[in-house]
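Presented below is the structure to which this report refers.
What follows draws every value from the coordinates through simple rules; no lab data is involved. None of the values given here were measured: they were computed from a predicted structure. Note that each Cβ is placed from the backbone with ideal geometry, even for glycine, and that neighbours are counted across all protein chains shown.
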Amino acid sequence: MGKIYVLYGEERYLIEQEREKIVRAETTKEEREFNYSTFNLEDTPVEEVVADAETLPFLGDRKLIVAENPVFLLAKPPKSEVEHDINRLLTYINDPAPYTTLVLIAPYEKVDERKKVMKELKKKAEVKSFSAIREWNMEEWVDKLAVELNLDLASGVKELVIQSAGTNLMIMRSELEKLGLYAENNYISTDIAEELLSSSLDTSGLKLVDAVINKDLGKAVSIYKELLRMNEEPIALIALLASQFRMIAQVKILKQKGYTENHMKNYIKAHPYVLKLAGQREKKFTQEKLDHILLTLARTDEYMKSGQMEKELAFEMMLYDIIAEHNRGALTP
């Protein structure tokens, strides 16, 4: 009896893992050389896939077909010049070729289970869902992938990987593989991670905030100069820092009012992990200190825009002012 699989969901990494598992289980290496076909259903009619599935394998006993992007499983498929003969597919689902394994990969959050084709697939095929991982699972996934890659992560590296990759497991694994190329005896130090991980503007903003929290003026200036080399404008960096500290201040106020992190998501539009970090960071500041930082950022922004001070100098002076205030003991106990 032929097999049909439907793999759907937003977590591409898990889908690819399942796909590889099916490939290895259903065909030999020799069979894959001549009898492994892939199709993109955004530009190929499904009846062509069915025709291939019904064609006898060449120099082998089995064949494997992977068809991606079955848009006809969506509630509202995007407009396309390609027309799919769904009845042809329905006929095949009810009488699949005994020598063929057909895998439909639908990288969508949801498929329309009300459609006849989906109902038939649920009856006759093996349907698996792969939802995007959630923020509370990210640390667990970093640990799991590090074990798979035989990597030993220094304290702090896990957070840097999450800041860089977010909830995208594909990127997370890629970043860990990149770190592994530079590991000494499979050990990843914080210095290596900070140097090599993909640097986005938001990630660098978080690093700047961390440098301020740690009262590390040298590191803060170093991150700032790195961003300048990436052609980031000082005024844009002021706005970035202001958004980070404004979020910390908002979290602090909401916590004082008794809001949980879950409730805060309705009031603060930010990535859940960034919100979680803000919740950890707000403990390091008094409200007075946060007010001082936001006022200093606003004043520096005004100096830059009015031309009262050269932009790069104004930014460095702002960092010095904020960190010097920190050193006067404005941190909470």
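Can you tell me which of Ala75, Ala249, Ala106 moves the most in a GNM of the chain? Springs connect C-alpha atoms under 10 Å apart. Of the options given, Ala75 has the highest mean-square fluctuation.
For the stretch 37-76, the Kirkwood radius over C-alpha pairs fed into Stokes-Einstein at 20 °C and 1.002 mPa s yields D = 193 µm² per second.
Bridgeable lysines around Lys29 (alpha carbons under 29 Å apart, same-chain partners fewer than 8 residues away excluded): Lys3, Lys21, Lys63, Lys124, Lys128, Lys144, Lys178. Only helices enter this figure: runs of n ≥ 4 DSSP H residues, each worth -39500 (n - 2.57), summed and divided by the residues of the chain, yield -17500 deg cm²/dmol at 222 nm to the nearest 500.
Cross-link partners for Lys269 among the lysines, with Cα-Cα distance under 25 Å and sequence neighbours closer than 8 places in the same chain left out: Lys110, Lys158, Lys207, Lys252, Lys255, Lys257, Lys283, Lys284, Lys289. Only one residue of Ser189, Leu74, Ser164 has its Cα farthest out toward the positive end of the dipole of the chain, where Lys and Arg carry +1 and Asp and Glu -1 on Cβ, and that residue is Leu74. Working note: Debye formula, equal point scatterers on the alpha-carbon atoms of the chain, no solvent; log10 I(q)/I(0) at q = 0.13 Å⁻¹ is -1.00.
With semi-axes defined as the square roots of five times the eigenvalues of the C-alpha gyration tensor, the equivalent ellipsoid of the stretch 133-198 measures 17, 12, 10 Å, largest first.
Farthest toward the positive end of the dipole of the stretch 201-333, out of Phe285, Tyr320, Leu254, is the Cα of Leu254, where the dipole comes from beta carbon charges about the Cα centre. Its residue count N sets the reference 2.2 N^0.38 Å, and the alpha-carbon radius of gyration of the stretch 3-129 equals 1.00 times that reference. With only the Cα atoms considered, the stretch 99-143 has a convex hull volume of 119 Å³ per residue. Under a model in which nothing but the beta-carbon of Lys, Arg (+1) and Asp, Glu (-1) is charged, the stretch 206-333 shows a dipole of about 620 debye around its Cα centre.
A simple spin-label model places pseudo-atoms 7 Å from Cα toward Cβ; at Thr28 and Lys116 they are separated by 4.1 nm.
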